[in-house]
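Below is one structure, written out as structure tokens; comments come after it.
Derivation of every value follows stated rules applied to the coordinates shown; laboratory data play no part. These figures come from a predicted structure and were not determined experimentally. Here the Cβ is made from the backbone with ideal geometry for all residues, glycine too, and neighbour counts use every protein chain on show.
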Amino acid sequence: MRSFIGACVIPLVAAATCVGAAQRASPDRDASSYPSRPIRVIVPQAPGGSNDIMARYIGGGLSERLGRQVVIDNRPGAEGMIGTDTVAKANPDGYTILMASTAFTMNPAVVKKLPYDPIRDFDWIATFGRAPVVVTIGPSVPAKSLQELIALGKAKPNYITIASAGGFMHFASAMFRSKAGITAEIALYKGGAPALIDVISGQAHVATATAVTASSQIRAGKLKPLAVTSPKRVAALPDVPTAAEAGLPAYDAAIWWAWATTAGTPQPVIEKLNKEITAILQSPETPKRFAAEAVEVEIRTPAEIRKMIPADLAKWEKVARDAGMPKQ
């Protein structure tokens, strides 16, 4: 598998763009009856990863509150761009929603020409939370600490294979490789769960994953966590040192999750969804559930998210340059 996003993903996205390029229907500007039918949430990654888990949790709560089914539709491929483009080209009526994450602001740093505009083609609904990355290894890797892993990578150039789910995890993997000063192959997978399976089986050595994705495998003893990329230790993994404690303070990566929809969606629809999602996040159950997965609840208004996105785009553009990740 190749270390960087291949040019082959662009034709796939272009095909999806052509399919979804039919003229949009005019949205119903009266949102008082919204929703009157099921809402589809497109997750542009495979089932089992953190995006999928977060979408299903929020979607389940929203379905209960709205009295309408929220359908999770996994559309993996092309580093998440196929599913993202589907939402960009959908009717702006609030019935097609994107499960976005930090990968949304990372792809523009390594793709010369996206099939959508990350600023103009989307309206933002709500953020859910933020979580650090945890560096994990499989049982076959002879390392007991992050420093031992780095020493192994330096002693055996190109020996280590880092399993990456693409998108955010690809950046997190490239950043780890750069900050650790090792040469390692980054193998791309369609989701976090398949990447972890190969690390557990010994097909790959390292996975930089969110605690949401990796915590169950860590608790089962199938993965060994070496460090978390948070300023302080997380309650869900109290025995795991921070990257700074483990001797790699420059490694700082975190993932956020949010929902977006097609630009032009009526504001009353967006405001209603934001209000209901905020209520879910403020319920007593959500912080407890999130804390168990090392996720911190993060509530932002649509206006605040619109300010956040350009800043995040600029941040990851710099990370890509520093890590030597070319645009293709």
* Asked: If you take every DSSP beta bridge whose two residues both sit in the chain, what share of them, in percent to the nearest 5, is antiparallel?
  -> 60
* Using a 10 Å Cβ count of at most 12 others and DSSP loop calls, identify the longest part of the chain lacking such trypsin sites (Lys or Arg not before Pro). => 233-328
* Sequence neighbours fewer than 8 away in the same chain don't count; with that in mind, list the lysines whose C-alpha is under 22 Å from LYS275. => LYS288, LYS307
* To do: Give, as a single signed number, the net charge of other residues whose beta carbon lies under 12 Å from the beta carbon of ALA244, with Lys and Arg counted +1 and Asp and Glu -1.
  => +1
* Sites ASP312 and SER178 - FRET efficiency at Förster radius 25 Å, r taken between beta-carbons, to 0.05 -> 0.85
* Structure fact -> Once the mean of 1/r over all distinct C-alpha pairs in the chain is inverted, the Kirkwood radius in Å reads 20.1
* To do: Compute the convex hull volume of the Cα atoms of the stretch 132-228, divide it by the residue count, and report the result per residue in Å³ as a whole number.
  => 79
* Once both axes come from the Cα atoms, what is the angle between helix 267-282 and the longest principal axis of the chain, in degrees from 0 to 90, rounded to 10? -> 50
* Order of THR242, THR278 under a 10 Å beta carbon neighbour criterion, fewest first -> THR278, THR242
* Mind checking the alpha-carbon convex hull of the stretch 217-276 and giving the volume per residue in Å³? -> 158
